[in-house]
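To start, the structure under review is shown below, and the notes come after it.
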Amino acid sequence: MRVVAAMIGILFLLPGHIRGQDVSELLARMKSMEARIQTLEAEVRALRGKPEAPAPLTASTDPQVRSAEPLPGVQLAPGPQLPYYGGQAAAAKIFNPDLSVIGTFLGAAGNPRVRPGPSFQMRETEVALQAIVDPYARADFFLSFGHQGVELEEGYLTFPALPGGFQAKAGKMRAAFGRVNTMHLDTLPWTDRPLVTQNLLGGEEGISDAGLAVSRILPAPGGVFLEGAGQFYRLFGSERRSDVLAVGRLRGFRDVSESTNVDLGFSFGHGSSPEVPSPALRLYGMDATVRWKPLRRAIYRSFIGRTELVWARAAQPEETARAFGYYVSGEYQFGRRWSAGARFDRSERYERLLRDTGGSLLLTYRPSEFSQLRGQLRRTRYGERVTANELLFQLQFSLGVHGAHPF
């Protein structure tokens with residue numbers, strides 16, 4: 001309207017002979033311009049209130065990139081759909097668990113004497129299946145393929161958010177007794193398990209069976225991480241319901257500095273059996289781990305020191321056997337892919353109270369996080385006064401997604 005008033009004012013300022021020419025024609029043009037201005041103002045208001053339309057998707061030239069196709073029985077929201085890779089079969093994989101395969105090859109030279117083994121063996125092929133079952137549970141399964149067949153190394157269901165801050169597990173698990181017993185073969189810092197594990201904790205596989213476990217993070221002062229766990233297992237594969245092994249563990253962790261931390265643990269095991277009047281097995285353990293990893297040189301320099309002590313008491317119908325064993329080890333990383341280590345073992349056995357002593361030197365090369373090569377020179381003095389000198393060579397490689405192991 002301001003424009004129309006201005007034009008009328010200009011009209012009256014014009015000379016008289018112009019006003020007299022055709023006033024009616026000028027008024028008609030002014031009305032037409034006013035209508036056009038109102039139309040433009042309406043279009044501007046409409047454009048300001050409407051979001052900008054997205055650019056149309058163009059067809060990809062990659063043969064693996066396909067437009068989203070709805071699965072049978074699934075209705076997609078209207079509008080353009082994002083592309084996904086692999087077609088309809090790949091979309092169905094979202095319901096599958098994370099899958100990984102870890103292979104461990106072991107070669108040996110020398111005379112093992114007391115505990116013989118083959119020169120070459122595919123010691124283990126571990127297949128892991130891990131997935132979130134629902135918002136309240138997670139499932140983990142580890143299948144072990146070896147020269148003796150296939151077995152379930154671990155398979156359990158975890159409930160991570162129970163009332164009171166508790167976490168529970170049910171299934172076949174490795175008992176939380178010490179540090180080494182909880183480790184899978186592919187996570188060991190050596191090619192073998194220490195003598196104390198083999199002599200006092202159930203052999204090469206350690207304490208691992210079907211059971212229930214409950215754990216909780218406990219309040220602690222001074223920036224200490226404190227965790228308590230209680231577990232119940234079948235006693236070394238027994239078929240009697242009364243044969244149960246109870247395991248308890250208290251673990252504390254604390255940062256000493258920005259590059260150093262200390263991990264301490266105390267473990268207890270108590271097993272019952274109707275064959276003997278007193279508890280069939282009692283185990284006491286203590287473990288310590290020291291880690292040093294400077295922040296500025298973390299990928300080139302680090303050190304991990306470990307030790308574990310185990311006291312065992314096994315009651316039998318005729319007598320009660322007591323044994324003690326321990327190991328001390330250290331691993332120093334001196335390059336981005338290289339590390340060297342050493343380990344000293346000493347452990348008694350239940351039978352005849354024989355004592356074995358061993359020492360090892362190790363060298364490890366890791367081309368990447370998916371493979372490693374390790375050599376171990378091992379010397380063992382068995383209780384039978386027999387000495388075995390061996391050179392062990394290990395090759396490990398992994399495929400797929402492998403979940404994180406306990407720290």
Looking at Arg385, Arg374, Arg349, which one is over 27 Å from the mean Cα position of the chain (by Cα), within 27 Å of Gly117 (Cβ to Cβ) and in contact (Cβ under 8 Å) with a residue 12 or more places away in the chain? Arg349
Pick from Val247, Val262: which is over 28 Å from Gly375 (Cβ atoms) and in contact with a Lys or Arg (Cβ under 7 Å, 6 or more places away or on another chain)? Val262
Any hit, segment 158-165, residues being closer than 29 Å to Arg282 by Cβ and either assigned to a helix (DSSP H, G or I) or among the β-branched types (Val, Ile, Thr) (or both): yes
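Of all residues in segment 352-392, which are among the β-branched types (Val, Ile, Thr) and within 23 Å of Trp311 (Cα to Cα)? Spell out how you get there, then give the answer.
Within segment 352-392, the first condition is being among the β-branched types (Val, Ile, Thr), and the residues that meet it are 357, 364, 380, 386-387.
Once the filter is applied, which keeps residues that are among the β-branched types (Val, Ile, Thr) and within 23 Å of Trp311 (Cα to Cα), segment 352-392 yields Thr357, Thr380.
Quick check: anything in segment 119-130 touching a Pro at 6+ places or on another chain (Cβ under 8 Å), closer than 26 Å to Ala210 by Cβ, of a type in the set (Lys, Arg) and part of a strand (DSSP E or B)?
There is no residue in segment 119-130 that is touching a Pro at 6+ places or on another chain (Cβ under 8 Å), closer than 26 Å to Ala210 by Cβ, of a type in the set (Lys, Arg) and part of a strand (DSSP E or B).
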Counted residues, segment 317-334 - those being farther than 15 Å from Gly358 by Cβ and either in a strand (DSSP E or B) or charged (D, E, K, R) (or both): 11
Just to be sure before I move on: is Phe177 among the aromatic types (Phe, Trp, Tyr) and in contact with a Ser or Thr (Cβ under 8 Å, 6 or more places away or on another chain) in the structure I sent? yes
Residue that is farther than 20 Å from Ala280 by Cβ and surrounded by fewer than 20 Cβ atoms within 10 Å (Cβ to Cβ), where the choices are Gly237, Gly223: Gly223
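Each reported figure results from applying straightforward, stated rules to the coordinates on display, with no laboratory input. This structure is a prediction, so every number in the text was calculated from the model and none was measured. Using ideal geometry, Cβ is built from the backbone for each residue, glycine included, and neighbour counts are taken over all protein chains shown.
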